[in-house]
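Here the structure comes first, spelled out in structure tokens, and everything after it is commentary.
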Amino acid sequence: MVNKLISKMMEDYNPGIEFDLKKYHTSVFHKIKERSHKNMFDSVLDNIIQGKKEGLYRKNINEALIAKMYVLRVEMIMESDIISRDDMRDPENFNQILEYHIRGIASEKGIKEYEEYKKYLDNENNTL
């Protein structure tokens, strides 16, 4: 679901607006960026804390550090010359990035549930 939302956001994203905000309304641009980072960080942090409680994520991970790294990774991808906006509009690429993240923090139980959910989504997508 997260991947579908981000993919939709990438489709609607207009880099010209960001450029104009950055150039002509710098303080507004920084406030928006700061709020966006905080919201993303808080969401990822809450997810990690909940996932650890449910035994889906490894107990020994530093929640705040992983959440910061996730925000940084998203930010770097958005500003990258290496990964194009077209690459990021492809939902399969988001799936790969999410899988990379999940497999890095998931417990054995979490990986099993992740694999089951992937199978479920594959079946749902094939029946639509």
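Flag: Val44 does not match the condition of being exposed (fewer than 12 other Cβ atoms within 10 Å of the Cβ) and modelled with pLDDT under 95. Between Glu34, Glu54, Glu11, Glu92, the distinction of being out of contact with any strand residue (DSSP E or B) (no Cβ under 9 Å at 6 or more places or on another chain), closer than 29 Å to Glu124 by Cβ, acidic (Asp, Glu) and at pLDDT 90 or above belongs to Glu54 only. All conditions in (1) buried (at least 16 other Cβ atoms within 10 Å of the Cβ); (2) under 13 Å from His101 (Cβ atoms) hold for Leu72, with the sole exception of (1). In this structure, does Glu34 turn out to be out of contact with any His (no Cβ under 7 Å at 6 or more places or on another chain), part of a helix (DSSP H, G or I) and within 29 Å of Asn14 (Cβ to Cβ)? Yes. The set of residues in the stretch 57-74 that are in contact with a helix residue (DSSP H, G or I) (Cβ under 7 Å, 6 or more places away or on another chain) and either at pLDDT below 85 or not in a strand (DSSP E or B) (or both) comprises Arg58, Lys59, Ile61, Glu63, Ala64, Ile66, Ala67, Lys68, Tyr70, Val71, Val74.
Got at least one residue in the stretch 19-27 being under 26 Å from Gly110 (Cβ atoms) and either at pLDDT below 95 or touching a helix residue (DSSP H, G or I) at 6+ places or on another chain (Cβ under 8 Å) (or both)? Taking every residue of the stretch 19-27 in turn, none turns out to be under 26 Å from Gly110 (Cβ atoms) and either at pLDDT below 95 or touching a helix residue (DSSP H, G or I) at 6+ places or on another chain (Cβ under 8 Å) (or both).
The values are calculated or read from the model by the stated rules, or taken from the named source; none is laboratory data. Computed from a prediction, not measured in an experiment: that's the story for all the values here. Reconstructed Cβ throughout: ideal geometry from the backbone, glycine too, with neighbour counts over all protein chains shown.
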